[in-house]
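Input: a single structure, listed below in structure tokens.
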Amino acid sequence: MSTEKLILIMGDQLSHNISSLVDADKNAACILMVEVFEEATYVRHHKKKIAFLFSAMRHFADELQQNGWRVDYVKLDDADNSGSFTGEIERAVEKYEPKSIAVTEPSEWRVKQDVEAWADKFNLTVDMLPDERFIATHDEFQNWAADRKQLRMEYFYRDMRRKTGLLMDGDKPEGGKWNYDSENRKPAKNDLFMPTQCRFTPDDTTEQVLNLVAQRFDNHFGDLKPFWFGVTAADAQKALQHFLDEALPSFGDYQDAMLEDEKFLYHSVLSQYINSGLLDPLDVCQRVEAEYRKGRVPLNAAEGFIRQIIGWREYVRGIYWLKMPDYVNQNFLETKRDLPDLYWTGETDMSCLRHAITQTKQEAYAHHIQRLMVTGNFAMLAGVNPHQIHEWYLAVYADAYEWVELPNTLGMSQFGDGGLLGSKPYAASGNYINKMSDYCKNCHYDVKQKTGENACPFNALYWDFLVRNKAKLKGNPRLGQVYNTWNKMSVDKRDTYLSSAQTFLGTLKSSSDY
Ligand code: FAD
Ligand code: DLZ
Ligand code: SF4
């Protein structure tokens, strides 16, 4: 039963070329993969997310075995499963008496802390290897950040373009501009041709996992079925090809649009595959560039997509490792409100929130603008505690891991870091949502009314937020104009805004039942 080396592969490390495997000897190593209760419950993940990962892990373990690896796969309900990574390593160390443990660096701070304790705890060599699926190393990001006052994504992104050579024309950006975002803000209409999603029928392994999740995680948020995510690298490749063919050409144009009958629009719905390791981010970007070079997609679509991955995705990871562990507790605006129950129930007369939350419950998915400008915007305007909204985002999306979710939520969406990620809060009134979506047309509230019982709540909340946080925000040059507008309003008008906001906020219920 003994082995020279024990290799732990975690649920978001499902890549055959992961650093813990590349130099390992199949004859002298045993791979350990574990379904553990602690990972599924440190926040109570959406049922679909757990099912996706457990099924993807089981398929990956089968592939490893077919490739000649020795694999010990511990299922959630196996007798003696201790329920944690550390507990399972302890059992495996007793069973296999390895000389060393190898693991690719965990993506989350919490888990990395655990791994760092193993060498002493088990009196073994523990090799923690860098995660080479990312484009920037920790050192590269730290060096980039070290000599800058402001850490703007745009400049980091340009370095990543140069490093990868993606969309470069010699040492110049393809087309002459680095960023075509100004072309990517068109609202969508229902009569546009809408792409479908690449949906997969559950196989026997997935069906077994669906039964397990239904039994063991029944009290978690979210609908388990219909379950249509792919669960293997081959499935994820099909989903990528489908996106390239059907949606990428219009990805740029309608990137910020929202429609009540279209949950996905032209988005790729690939983040759960990329973040778990089933797709390689650089490979995805190279495939997107190839579509552009072949003349099949416009530059604004290809550049917009590639920026999300080699720009935003890499940048938020850099921020996470630069600023943790303190980052998770930041609360620049000192907000205290408990997360309203409507985030769990979707029960609200606000059509935009209801749609974004209901589809989150159904699909474990919402696209970026729904997360940023609907659920995120509302939480910030209502003064929800950033830690609570962070835990909500971490739990409810199939693609959520703290390294990517936390900077997006606390930094970009809630201004909880005081402007490290964004130069001003992403606060907007109903006008923005009305411009970018069709949610308002069937809403109980009237987006054009500014105050009063039937007025869109975002309108008064917007001003209430700015006034409430004036001491902290008034020095922000990008908000000068907005505060001028407020100062020019009559006292009566201002009072009506603030009292409308208070009346609405008084209707929000927060209980600890969820
Ligand atoms: P597309 O719109 O098709 O974009 C293509 C790819 O770009 C995505 O698959 C993703 O890999 C990457 N990407 C796009 N935007 C970002 C971004 N801001 N940060 C990092 N990568 C990005 N993304 C996650 O992967 N996990 C999260 O937990 C997560 N939490 C978020 C929380 C909030 C409050 C906000 C505002 C954004 C969050 N995002 C998160 C970013 C973004 O919303 C998702 O990556 C995107 O919606 C995934 O859907 P898609 O695959 O259809 O993306
Ligand atoms: C998200 C998740 C869940 C729900 N369950 C498991 C699991 O049982 N086993 C596992 O290896 N990984 C799981 N994951 C993903 C981990 O939380 C993720 O790999 C770590 O947080 C990375 O630091
Ligand atoms: Fe949302 Fe206001 Fe529009 Fe209703 S009117 S959908 S609450 S923005």
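Run the dipole for region 342-505 about the Cα centre, Lys and Arg Cβ at +1, Asp and Glu Cβ at -1, nothing else charged, and hand back the magnitude in debye, nearest 20.
Using Cβ point charges on Lys, Arg, Asp and Glu, region 342-505 gives about 780 debye.
Can you order the peptides 220-226, 406-412 by their average number of other Cβ atoms within 10 Å per residue, highest first?
My ranking of the peptides, most packed first, is 406-412, 220-226.
Taking square-rooted eigenvalues a ≥ b ≥ c of the alpha carbon gyration tensor, is region 316-417 rounded, prolate or oblate, where a/c under 1.5 means rounded and, failing that, a/b exceeding b/c means prolate?
oblate
Using R₀ = 45 Å, calculate the FRET efficiency as 1/(1 + (r/R₀)^6) where r is the Cβ-Cβ separation of K435 and K336; round to 0.05.
0.90
Please list, in order, the residues from region 293-321 whose amide nitrogen is less than 12 Å from a point placed 7 Å along the Cα→Cβ vector of D169.
So the set is 299.
Excluding residues fewer than 8 places away in the same chain, name every one of the lysines whose C-alpha is closer than 28 Å to that of K172.
List returned: K149, K163, K186, K294.
Treat every Asp and Glu Cβ in the chain as -1 and every Lys and Arg Cβ as +1, leave all other atoms uncharged, and give the resulting dipole magnitude about the Cα centre to the nearest 20 debye. Don't jump to the answer; show the numbers that get you there.
On the way: 60 positive and 74 negative charges, 478 e Å.
For the chain, the charge dipole is close to 2300 debye.
For region 342-505, max minus min Cα coordinate along each principal axis, in Å, sorted largest first?
The Cα atoms of region 342-505 stretch 47, 37, 25 Å along their principal axes.
Hey, how many Å between the Cα centroid of region 454-499 and the Cα centroid of region 1-31?
With region 454-499 and region 1-31 each reduced to a Cα centre, they are spaced 56 Å.
Using a 1.4 angstrom probe, figure out how much accessible area the chain has per residue, in square angstrom, rounded to the nearest whole.
Values: 21470 Å² over 514 residues.
Per residue, the chain has 42 Å² of solvent-accessible surface.
Calculate the spin-label point distance for L129 paired with D446, positioning each point 7 Å from the Cα along the beta-carbon direction, and give it in nanometres.
Here the answer is 6.4 nm between the modelled labels.
Could you give the Stokes-Einstein D for the chain in µm² per second, using the C-alpha Kirkwood radius, 37 °C, 0.692 mPa s?
Stokes-Einstein gives a translational diffusion coefficient of 135 µm²/s.
Mind giving me the FRET efficiency for D120 and N143? R0 is 41 Å, r the Cβ-Cβ distance, nearest 0.05 is fine.
0.85
Can you order the peptides 502-509, 425-432 by their average number of other Cβ atoms within 10 Å per residue, highest first?
Result, highest mean first: 425-432, 502-509.
Express in nm, to one decimal, how much length is gained between D77 and Q481 on full extension, taking 0.36 nm for each residue of separation and deducting their alpha carbon distance.
The D77-Q481 span can extend by a further 139.6 nm.
Which lysines, if any, have their Cα less than 30 Å from the Cα of K225, not counting same-chain residues under 8 positions apart?
K47, K48, K49, K75, K189, K238, K263, K361, K441, K509
Classify region 62-170 from the C-alpha gyration tensor, please: rounded if a/c falls under 1.5, else prolate or oblate depending on whether a/b exceeds b/c.
On the way: a/c = 2.93, a/b = 2.02, b/c = 1.45.
Prolate is the answer for region 62-170, as a/c is 1.5 or above and a/b outweighs b/c.
Given the peptides 270-276, 112-118, 76-82, 318-324, arrange them by the average over their residues of other C-beta atoms within 10 Å, most packed first.
Highest to lowest by the protection proxy: 270-276, 318-324, 112-118, 76-82.
Quick check on region 97-250: take the gyration tensor over C-alpha atoms, sort the square-rooted eigenvalues as a ≥ b ≥ c, and tell me if it's rounded (a/c under 1.5), prolate or oblate.
Because a/c hits 1.5 or more and a/b fails to exceed b/c, region 97-250 counts as oblate.
Note the per residue figure in Å³ for the convex hull of the C-alpha positions in region 5-129.
With only Cα atoms used, region 5-129 gives 100 Å³ per residue.
Once amide H atoms are placed 1.01 Å from N in the peptide plane, what residues at a sequence separation of 5 or more from D256, or on another chain, have their amide H within under 5 Å of its amide H?
Residues meeting the amide H criterion: K186.
Which residue, Y73, W118, F54, has the largest displacement toward the positive end of the dipole of region 5-129 when charges sit on each Cβ (Lys, Arg +1; Asp, Glu -1)?
F54
Could you check how much of the accessible area of the chain is carbon and sulfur, as a whole percent, using a 1.4 Å probe? Before the final figure, lay out each step's value.
Numbers: 9840 of 21470 Å².
Carbon and sulfur atoms account for 46 percent of the accessible area of the chain.
Report, in whole Å, the centroid distance computed from the Cα atoms of region 184-212 and region 232-271.
Answer, in whole Å: 9.
For region 144-161 and region 295-325, what is the separation of their Cα centres, given in Å?
Taking the Cα centre of region 295-325 as reference, the centre of region 144-161 is 12 Å away.
Sequence-distant or interchain residues sharing an amide H contact under 5 Å with D72, placed H: which?
I31, L32, M33
The values are calculated or read from the model by the stated rules, or taken from the named source; none is laboratory data. Everything numeric in this text was worked out from a predicted model, so none of it was measured. Here Cβ is always computed from backbone atoms with ideal geometry, including for glycine, and neighbour counts include all displayed protein chains. Calculation scope for accessible area: heavy atoms of the full protein, side chains included, ligands and nucleic acids excluded. Shrake-Rupley method; radii C 1.70, N 1.55, O 1.52, S 1.80 Å.
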